[in-house]
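Have a look at the structure below before the remarks.
Each reported figure results from applying straightforward, stated rules to the coordinates on display, with no laboratory input. Small disclaimer: the values here were computed from a predicted structure and weren't measured. FYI the Cβ positions are ideal-geometry reconstructions off the backbone, even for glycines, and counts take in every protein chain you see.
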Amino acid sequence: MSADHSTTLTLELMRSLGKLVILPMLLAGATSAVGCEDEREHAAPVHPIVGTWLVHDPNAPFPHHLYVFNGDGTMQQANPDAGNARSSDSDGKGIWVNRGDRIDAKWVELSADRATHQYTGRLELTMQIRVQGDSLTATEHAKLFDATGAPAPAPQTPKPLQGVRLTLR
């Protein structure tokens with residue numbers, strides 16, 4: 001066998017092996033791209049509450065809040081810790097449920113005394129929320145518990161909350 005013939009056979013073998021390696025990679029890429037597109041087409045619609053909201057709560061010591069409603073039925077509430085001069089409170093963590101004509105939500109925050117740094121209790125807020133486009137309105141009911149878990153006098157919450165969705169516009 002001549003050197004030229006051996007080189008030609010080696011090159012043909014390498015090309016064939018290259019095709020065998022590249023072909024499955026191309027097929028895998030095409031299949032995954034089709035699969036991803038198929039998932040997007042069949043994805044469940046996102047509930048209108050899902051997103052980030054700038055919320056004004058006239059019943060709170062510091063009325064400006066951020067609410068985040070996640071697609072898995074959880075939520076977070078945040079406002080500046082320094083908004084209350086006597087007490088330091090955590091971000092609120094909670095849940096929400098679609099009830100058809102409204103959303104029911106509940107979140108809890110923990111509090112500590114600013115001077116002693118001791119746990120002073122928790123606030124539980126339940127809300128009934130209605131969403132229209134990029135606006136929400138909610139009524140709330142507050143329950144307060146002291147450091148031992150006993151009910152404490154809760155703040156009155158007669159005024160509705162108003163919120164607007166955070167958007168890129």
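Highest first, please rank the peptides 156-162, 67-73 by the mean number of other Cβ atoms sitting within 10 Å of their residues. The partial results should precede the final answer.
Working: 156-162: 14.9, 67-73: 16.6.
Descending packing order for the listed peptides: 67-73, 156-162.
Whole Å is fine, so just give me how far the alpha carbon centre of the stretch 37-76 lies from that of the stretch 97-130.
That distance is 15 Å.
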